[in-house]
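Peer 1: I have a structure I would like to understand better, so I am pasting it below and will then ask my questions one at a time.
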Amino acid sequence: MIFTTPLGLLALFAIPGIVAIHLFRRRFPVRSVAGLFLWGAVRQTPEGGGRITKLPITRSLILECLAALALALILAGARIAPAGVSQHLVVLLDDSASMAAVGAGGESARDRAVQRVLSELDRLRAGARLTLIRSGDRPAILAGPASYLVEAKPALDAWRPDAPHHSMALGLRLALELAGRTGTVMVMSDMPSAARGEPHFEGGVWVALGDPVENVGITAAQRTSAPEDNRGLVSLTLANNAPAAATRRLSVHAGEKEVIARELTVPPGASSMTVPIPAGLPAVRVALSDDGLRRDNDVMLADPRARIVAIDNQLPDGRGRDAVVRALESVSGVTRSAPGTGHLAFVDAATLDQAPAPELWRAGFGRPPASWQAPGEPKDFIGPFILEKRHALLIGMTLGGVVWAGATPMAAGVARPVVSTGDQLLAGVATSATVSGSTSILVNIDLDRTNLIRSPDWPILISNLIEMRRQQLPGPERWNYRSGEWVRVRLDRDPKAQLRFRCGPVERALPAGRLIEFVAPSPGGLLQILDGDELLFEIGVNFLDETETALRDRSMGDSGEAGDVAGVRAETSATSDPLFWILLALAAAAMIANWLLLVPVRATRGPAAPGVAS
Amino acid sequence: MARQAASSSPVPPLIDWPAVHAAASVRLAMPRTPLRGRAGERLGAGTGASLEFQDYRTYAPGDDLRHVDWAAYARSELLTVRLYREEVAPRVDLALDVSRSMVVSEVKQRAFGELSALLACACAATVSDSRVITSPAAAPEPLTAPEHIERFLTCDVNQCAFEGGALPFRRRSVRIIVSDFLFPHDADTLISRLARESAWLAVVQLTLNEEAEPVVEGGRRLIDVEGNGEVDLVIDEAAVRDYRARFMRLRTGLSRAARRVGAPFAHVVAGTPIREVAGALAAAGVVEAA
């Protein structure tokens, strides 16, 4: 017997109370009389204490104690233990897309997992509880915790694995937490844990239900456009895990219109191909004919629109200006602009104290403005240089062998250093910019004397500057993403209405702001970013997971053992336990019997004569 | 809390028959009014063959010539016949209260038995058609011998027969009522009902001494033997005083009601020797020396 609310046992204190009442109750010697009416009913027992005598074990005492005991047990939630404990099965479902791959038998690992779960529940006692967890980077509970099969069955039937490859670790941790000491953990995957790259799993059963499948899928896709050639290109990386070449039909659709369709032979292993498409097409869907895994057979590629950075080179003629011009020639996505209208201007550092135009980035080379300088003469440095490695400006730079010439002493606080040597600031981001969207970058160097412009670091520096500026231009960072990647989109204005994105069946609201970041949803497709009803951008979100495409190494087998567990205590309602009704009936019977025992005998005679009984 | 069951014995009262017979030199005190009944030793209401002269009437053909008053014929020359009273055996209905209150204690049980036996003997000495009535529902049972009275003394009912409906009394019968009368009633109504169409009525009340004269006892749980409840009571001076007043009103009421219908009333205290009981009944006019 168990008690769901043990505090209810405090009601047992009523029993000593009843005994005390019976013990101290006034008990007169009994005398049988023939005419009780002559004694007068109004003359009752006067107030006063009783005397302690031997406790009479009367029927009333027994019935009252019995009723109190039964009621106390009801209050304490007494349950019959076997009926309140159920087996608890915690199932972690591998949500990777390969679980949906259909083998030669027309059955997928997902189908076998569902059957296995149902058979395990059949094997357990009736009333077994089930917790369903879907694995992933963010594991989710599909049913439960500890739900009945009738509640979990719809979730199990509706489960459709389609996630990219991911670690099961987080899901396992959640499953073990939910199982605790009362549940059995069972993992349903299509590969053994070791083959899947998971750490050794203890405390449950790992069920591999995979079946080797020959599959061809798209593992990478890119779309580029070349307006000057009036065409675009779709670059695909295909993976064929079969030992022989496979023939597939490739089609490209723009909306409902099929643009390209052709048969192609995919050699074993990875292969690449390029498909030219007409320029100016909207988002296109590139698809292979169906095979074991449909998830990797198509991609949606949005039309990439390059974010061109307009460059305004205002450096004075000389080695420095020429070096910038040469570096710009090796960088794509840039254009020259008229003075004062570009996105990024290369200027003499002495002009950095002047107010910039809005949204204009300036890169100043040379001696800083006089107000930024500290007393002292310019010096040359050969290192060592302290680089702010995490700054986007210095990605890939080493400054090895560079002679940093003409570094002018700087006043403190005028710029945040990204390159320095000792206490000398060599390059940094000015802190005095006051115009919205503008940034000033100071490179405290004499370009006429330094060898930086001849070092490998120079084009890297210029490229980093341009990419930093490009990142700040409106539009998506990229136009095509994998599911699960972070999508970053910058708006050129504040949103007018609720920002949201819509991607197939998935639609979510986005926080208001000029910089939007969110995770590319699964299953993917064409993702639209909307400002109210206004379409801002369309980007492609695709599966693209070569690990899930390779289905040759799938296998079956169980590993691990389920330990002895206590089962989950069923928090059922009181009416579901037979003991409750037994106690209730016992209490009611005892109270009724006691009432019948104590009810005063009603007079069956007529009213007393006025002259006799008063 | 627990109501303790009243103890009552269904066993007939023990009767000391030698003592009863020793005291039973009495018979019922018959009324002066003519009686009805079969031919017997008592004068009846009609004409008969007794030796007691009743009236004269003119001779009619068929009259017994032995009853012709020849002396009157000599004086008046009219043939007249002498009429004599008939002699009857009176109908006696002995009504007994066989409720549990009559056996509330052994003393009362014995007293009830001996009182009933004494009255049975008196009935037998009266040469009457005696019957015993204990219930409104049952027909009167003949009492052929005094010892048969024991058959009627099993006191196991919870209600006195006199409280309920009409008893199966016979018309113009002599009725003797024996009870403790310790139940709520209106004496005038009750006695009038009992005396209706009777030739004669005698009322005998039997109580214990503590029922008539209780004393201070302290706390007691009083349980009505006939199941009319129970009460915890401290029997102190005030309680005794109140009780005695009520009992006195009850007994006085019975006595007064009996007098109104010309019935003798006797109060017998249980425990009194049977010889003294016979004397008390005789003094009250219920019985007379045989």
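Yes/no matrix, rows are residues, columns are (1) in contact with a strand residue (DSSP E or B) (Cβ under 6 Å, 6 or more places away or on another chain); (2) assigned by TED's automatic domain parsing to the domain that holds A:Lys379:
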{"site": "A:Arg449", "(1), (2)": "yes, yes"}
{"site": "A:Ile462", "(1), (2)": "no, yes"}
{"site": "A:Glu467", "(1), (2)": "no, yes"}
{"site": "A:Arg488", "(1), (2)": "yes, no"}
{"site": "A:Arg502", "(1), (2)": "yes, no"}
{"site": "A:Glu507", "(1), (2)": "no, no"}
{"site": "A:Ile516", "(1), (2)": "yes, no"}
{"site": "A:Pro523", "(1), (2)": "no, no"}
{"site": "A:Gln528", "(1), (2)": "yes, no"}
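Peer 1: Which residues, counting only those in the stretch A:179-204, are surrounded by fewer than 23 Cβ atoms within 10 Å (Cβ to Cβ) and modelled with pLDDT of 85 or more?
Peer 2: Of everything in the stretch A:179-204, just one residue is surrounded by fewer than 23 Cβ atoms within 10 Å (Cβ to Cβ) and modelled with pLDDT of 85 or more, namely A:Pro192.
Peer 1: Determine whether A:Leu515 is under 23 Å from the mean Cα position of the chain (by Cα) and more than 26 Å from A:Asp312 (Cβ to Cβ).
Peer 2: So A:Leu515 fails the test.
Peer 1: So A:Ala254 passes all but one of these: (1) under 31 Å from the mean Cα position of the chain (by Cα); (2) over 26 Å from A:Asp111 (Cβ atoms). Which condition number does it fail?
Peer 2: (1)
Peer 1: Of the residues A:Gly292, A:Gly320, A:Gly232, which is surrounded by 15 or more Cβ atoms within 10 Å (Cβ to Cβ) and more than 37 Å from the chain's Cα centre (by Cα)?
Peer 2: A:Gly320
Peer 1: Same structure, new question: With respect to A:Gly428, determine if the residue is surrounded by 13 or more Cβ atoms within 10 Å (Cβ to Cβ), assigned by TED's automatic domain parsing to the domain that holds A:Asn464 and out of contact with any strand residue (DSSP E or B) (no Cβ under 6 Å at 6 or more places or on another chain).
Peer 2: no
Residues checked against (1) part of a loop (DSSP other than H, G, I, E, B); (2) assigned by TED's automatic domain parsing to the domain that holds B:Glu141; (3) buried (at least 24 other Cβ atoms within 10 Å of the Cβ):
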position	(1), (2), (3)
B:Tyr56	no, no, no
B:Asp63	yes, no, no
B:Leu83	no, no, no
B:Val107	no, yes, no
B:Leu119	no, yes, yes
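Peer 1: Looking at the stretch A:518-537 only, could you name the residues that are more than 18 Å from A:Lys496 (Cα to Cα) and either of a type in the set (S, T, N, Q) or surrounded by fewer than 20 Cβ atoms within 10 Å (Cβ to Cβ) (or both)?
Peer 2: A:Phe518, A:Val519, A:Ser522, A:Pro523, A:Leu526
Peer 1: Would you mind telling me which numbered condition in (1) under 25 Å from A:Glu329 (Cβ atoms); (2) over 42 Å from the mean Cα position of the chain (by Cα); (3) surrounded by 23 or more Cβ atoms within 10 Å (Cβ to Cβ) A:Asp448 fails?
Peer 2: All conditions are met except number (3).
Peer 1: Also, I was wondering about something else. Residue check: is A:Ala327 on the phi < 0 side of the Ramachandran plot, modelled with pLDDT of 85 or more and outside the structural domain of A:Ser438 (by TED's automatic domain parsing)?
Peer 2: So A:Ala327 does not fit the description; no.
Peer 1: Identify, from the list B:Cys123, B:Cys155, the residue that is assigned to a loop (DSSP other than H, G, I, E, B), crowded, with 22+ Cβ neighbours inside 10 Å and in contact (Cβ under 8 Å) with a residue 12 or more places away in the chain.
Peer 2: Answer to the check: B:Cys155.
Peer 1: Now for a different question. Out of A:Gly136, A:Gly144, A:Gly106, which single residue is surrounded by fewer than 18 Cβ atoms within 10 Å (Cβ to Cβ), assigned by TED's automatic domain parsing to the domain that holds A:Ala208 and on the phi > 0 side of the Ramachandran plot?
Peer 2: Testing whether each residue is surrounded by fewer than 18 Cβ atoms within 10 Å (Cβ to Cβ), assigned by TED's automatic domain parsing to the domain that holds A:Ala208 and on the phi > 0 side of the Ramachandran plot leaves just A:Gly106.
Peer 1: While we're on this one: Mind checking which residues of the stretch A:143-187 are closer than 18 Å to A:Pro199 by Cβ and aliphatic (A, V, I, L, M)?
Peer 2: Within the stretch A:143-187, A:Met168, A:Ala169, A:Leu170, A:Leu172, A:Leu174, A:Ala175, A:Leu176, A:Ala179, A:Val185, A:Met186, A:Val187 meet the criteria.
Peer 1: Please report, ordered by residue number, the strands (runs of 3 or more DSSP E) entirely within the stretch B:194-290 with at least 2 residues that are more than 21 Å from B:Gly164 (Cα to Cα) and without any contact (Cβ under 8 Å) to a residue 40 or more places away in the chain.
Peer 2: B:218-224, B:230-235
Peer 1: Related question: Of all residues in the stretch A:26-37 being at pLDDT 70 or above and more than 16 Å from B:Ser105 (Cβ to Cβ), which is farthest from the other protein chains (Cβ to nearest Cβ)?
Peer 2: A:Arg27
Peer 1: Could you check, for the stretch A:45-53, whether at least one of its residues is within 14 Å of another protein chain (Cβ to nearest Cβ), at pLDDT below 85 and either touching a strand residue (DSSP E or B) at 6+ places or on another chain (Cβ under 8 Å) or buried (at least 20 other Cβ atoms within 10 Å of the Cβ) (or both)?
Peer 2: yes
Peer 1: I've got another one for you. Please count how many residues of the stretch A:295-312 are surrounded by fewer than 20 Cβ atoms within 10 Å (Cβ to Cβ), touching a strand residue (DSSP E or B) at 6+ places or on another chain (Cβ under 7 Å) and among the small types (Gly, Ala, Ser).
Peer 2: Residues that pass the stated criteria total 1.
Peer 1: If you don't mind, there's one more thing I want to ask. Just checking: which of the strands (runs of 3 or more DSSP E) contained wholly in the stretch A:361-417 hold 2 or more residues that are touching a helix residue (DSSP H, G or I) at 6+ places or on another chain (Cβ under 7 Å) and within 22 Å of A:Phe346 (Cα to Cα)?
Peer 2: Result: A:361-365.
Peer 1: Can I ask one more? Working only within the stretch B:103-119, note down all residues that are in contact with a strand residue (DSSP E or B) (Cβ under 7 Å, 6 or more places away or on another chain) and among the aliphatic types (A, V, I, L, M).
Peer 2: B:Val104, B:Ala111, B:Leu115, B:Leu119, listed by residue number.
Peer 1: In the stretch A:323-346, how many residues are assigned to a loop (DSSP other than H, G, I, E, B) and crowded, with 19+ Cβ neighbours inside 10 Å?
Peer 2: Result for the stretch A:323-346: 2.
Peer 1: Run down A:Ala221, A:Ala163, A:Ala175 and say which single residue is in contact with a Leu (Cβ under 7 Å, 6 or more places away or on another chain), within 30 Å of A:Leu124 (Cβ to Cβ) and buried (at least 19 other Cβ atoms within 10 Å of the Cβ).
Peer 2: Exactly one of A:Ala221, A:Ala163, A:Ala175 is in contact with a Leu (Cβ under 7 Å, 6 or more places away or on another chain), within 30 Å of A:Leu124 (Cβ to Cβ) and buried (at least 19 other Cβ atoms within 10 Å of the Cβ), namely A:Ala175.
Peer 1: Identify all residues within the stretch B:197-243 that are farther than 23 Å from B:Val157 by Cα, among the hydroxyl-bearing types (Ser, Thr, Tyr) and at the interface with chain A (Cβ under 9 Å from one of its Cβ atoms); write none if there are none.
Peer 2: B:Tyr243
Peer 1: Moving to a separate point now. If you take the residues in the stretch B:94-105 that are assigned to a loop (DSSP other than H, G, I, E, B) and among the β-branched types (Val, Ile, Thr), which one is nearest to the other protein chains (Cβ to nearest Cβ)?
Peer 2: That would be B:Val104.
The values are calculated or read from the model by the stated rules, or taken from the named source; none is laboratory data. It should be emphasised that the depicted structure is a prediction, and the values quoted were computed from it without experimental measurement. Using ideal geometry, Cβ is built from the backbone for each residue, glycine included, and neighbour counts are taken over all protein chains shown.
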